[in-house]
Amino acid sequence: MPRSRKEQVSLEDTPYYHCVARCVRRAFLCGDDPATGNSYEHRRGWIEKRLLFLASVFSIDICAYAVMSNHLHVVLHVGAEKAQSWSTLVLYPFVGNPRENMPDGLPFELSDYLVLVDMTGRIIREDKRGSINASLLPILKRLNIASENWLCIATEFGERTGAVVGAEQSIAHYCGSNKLNRKPRSSYNQLLA
């Protein structure tokens, strides 16, 4: 049975870990596939470049790695001290259009941002799954949620919901099956109107 990462990784015991990732269904990661005759060697450079990039943005050092034909080995060192020195993430609020004495935050309204995201989703790669059909109304109009309510939901999600949302019956069932002693908060549902 699989174990969660918090059960597998103990930085108190060792900061070094050997990780393996395998391809499934006899697929080839790189090298020559004898069954099809296809060469996937070009992927080796992609994978090496990605590994080194990820090491540069996380507090993990790569001690060694091997990109094999159908799997990957990586020996990692977790830099816990480096991670502890990082500051916590600051989320900036929407503060409206640029003006004098403007507070710290994103220089536009939430409604403008939602229009931008919606418009971008309608433009990019309409032939691919996930694009937004141009004939659909904007998402908050389809859901009948006021943008002010959505801002409250997005910024106060944990405090208002306890990180569980849905119909009261669904929340009660979830809490029962996960042994959580929590009553659904009906004040949150008012924001969805």
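The values are calculated or read from the model by the stated rules, or taken from the named source; none is laboratory data. Predicted, not measured: the structure shown is a model, and the values here were computed from it. Cβ sites come from the backbone with ideal geometry, for glycine too, and all protein chains shown count toward neighbours.
Does residue 67 satisfy being surrounded by 10 or more Cβ atoms within 10 Å (Cβ to Cβ), more than 24 Å from the chain's Cα centre (by Cα) and under 30 Å from residue 112 (Cβ atoms)?
On the way: surrounded by 10 or more Cβ atoms within 10 Å (Cβ to Cβ): yes; more than 24 Å from the chain's Cα centre (by Cα): yes; under 30 Å from residue 112 (Cβ atoms): no.
Considered against the rule, which asks whether it is surrounded by 10 or more Cβ atoms within 10 Å (Cβ to Cβ), more than 24 Å from the chain's Cα centre (by Cα) and under 30 Å from residue 112 (Cβ atoms), residue 67 comes out as no.
Residue 47 - would you say it is over 21 Å from the mean Cα position of the chain (by Cα) and either exposed (fewer than 10 other Cβ atoms within 10 Å of the Cβ) or at pLDDT 90 or above (or both)?
Details: over 21 Å from the mean Cα position of the chain (by Cα): no; either exposed (fewer than 10 other Cβ atoms within 10 Å of the Cβ) or at pLDDT 90 or above (or both): yes.
For residue 47, the condition - over 21 Å from the mean Cα position of the chain (by Cα) and either exposed (fewer than 10 other Cβ atoms within 10 Å of the Cβ) or at pLDDT 90 or above (or both) - is not met.
Looking at segment 30-42, is at least one residue at pLDDT 80 or above, within 30 Å of residue 14 (Cβ to Cβ) and surrounded by 10 or more Cβ atoms within 10 Å (Cβ to Cβ)? Yes, there is a match, as at least one residue in segment 30-42 is at pLDDT 80 or above, within 30 Å of residue 14 (Cβ to Cβ) and surrounded by 10 or more Cβ atoms within 10 Å (Cβ to Cβ).
Going through 53, 94, 58 one at a time, which residue ends up being within 28 Å of residue 156 (Cα to Cα) and free of Cβ contacts under 8 Å to residues at least 40 places away in the same chain? Break it down stepwise before answering.
Numbers: 53 fails: within 28 Å of residue 156 (Cα to Cα); 94 fails: free of Cβ contacts under 8 Å to residues at least 40 places away in the same chain.
The match here is 58.
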